[in-house]
Each structure stands twice: as structure tokens, then as C-alpha cells.
Amino acid sequence: MVSQLESCKPGDLVCCMWTDASIGKTSTNGGVIDVPVRSWGIFVGVFGKRKHIILAQNSFEYADGLCDLDYTAIPLGWVEDVQIIAARYTPEDAVRSLVSSFVRCDEEQKKSFSRSNRPRAFFQRRLSIHGWPS
């Protein structure tokens, strides 16, 4: 899996196969523990203290020029396989904006934790100004 991940570049359209956490009762699900998941999206990179694969999925452009981005963060240890569907699927300028927004967000959240109990304000600000191009 590590070699597959090393071949992924920011901007690639990928499919990530991973196993999610589960909850249940043995009387209703027969003791099924593994919950296989397939997530598709634009590979942004690996971020976070505990290392998560970040897949961008939806970009919303509002009339006032602000943008919002949906993403999935998948814990690296839960990943079973990563397949590149289309290399360099996203334009390079959009990729730079995606990557820099996560780097900036990570730095701002670290600062906000030490000053406040409301780090989400920084996260929401990042989402509204990341600059996803048309």
C-alpha cells in the first residue's frame, strides 16, 4: 500500500479502499467487524498528526466569490489499497490552492488550540477562502 500511495500526486483522481470502524451486536450482525469502504476523490496529500489521506470531493462556488470544499480524511492505518483513476486530473493551480489550504489550516489550528477552545473558526475561515478556481 505504501508504494501505491507514493505514486499518488496531489491532483490525481483516486479510489481509496479502506476499512471503517464499526459498532454492532453479535446477535444482529453475526459479529461482522470489517466495514469495507471505497472513497473516490482528488488526492490532496497526507496530513495531520496521526496521518490521514485527504481526498477533496465537492467544491462549492458562491455568488460572492467565496468557496467551500468537502473532503474525506481517512486514517492511513485503515487504508487497504489506493488506485489512481486519472493522473493530474485537477489543474495545477487548483492543486496548489488545495494543498496550501490544508497546510495553512493545520498551522492555524495548532495556534488556535493554544489560545482558544474554538479552533473551528479557523477551519471554517480556511474553507471560505481557499480559492478553488473555476
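The values are calculated or read from the model by the stated rules, or taken from the named source; none is laboratory data. Note that the structure is a prediction, hence the values are computed from the model and not measured. Glycine also receives a Cβ, built like all others from the backbone with ideal geometry; neighbour counts cover every protein chain displayed.
Just for the range 37-80: of the residues that are small (Gly, Ala, Ser) and outside any strand (DSSP E or B), which one is modelled with the lowest pLDDT?
65
Could you give every pair whose Cβ atoms fall below 9 Å, whose first residue belongs to the range 11-35 and is within 17 Å of residue 86 (Cβ to Cβ), and whose second residue is modelled with pLDDT under 80 and surrounded by fewer than 10 Cβ atoms within 10 Å (Cβ to Cβ), counting only separations of at least 6 or pairs across chains?
Going by the 9 Å Cβ cut-off, there are no qualifying pairs.
Test residue 83 against the stated conditions and say whether it is under 25 Å from residue 101 (Cα atoms), surrounded by 12 or more Cβ atoms within 10 Å (Cβ to Cβ), at pLDDT 90 or above and of a type in the set (S, T, N, Q).
It is true that residue 83 is under 25 Å from residue 101 (Cα atoms), surrounded by 12 or more Cβ atoms within 10 Å (Cβ to Cβ), at pLDDT 90 or above and of a type in the set (S, T, N, Q).
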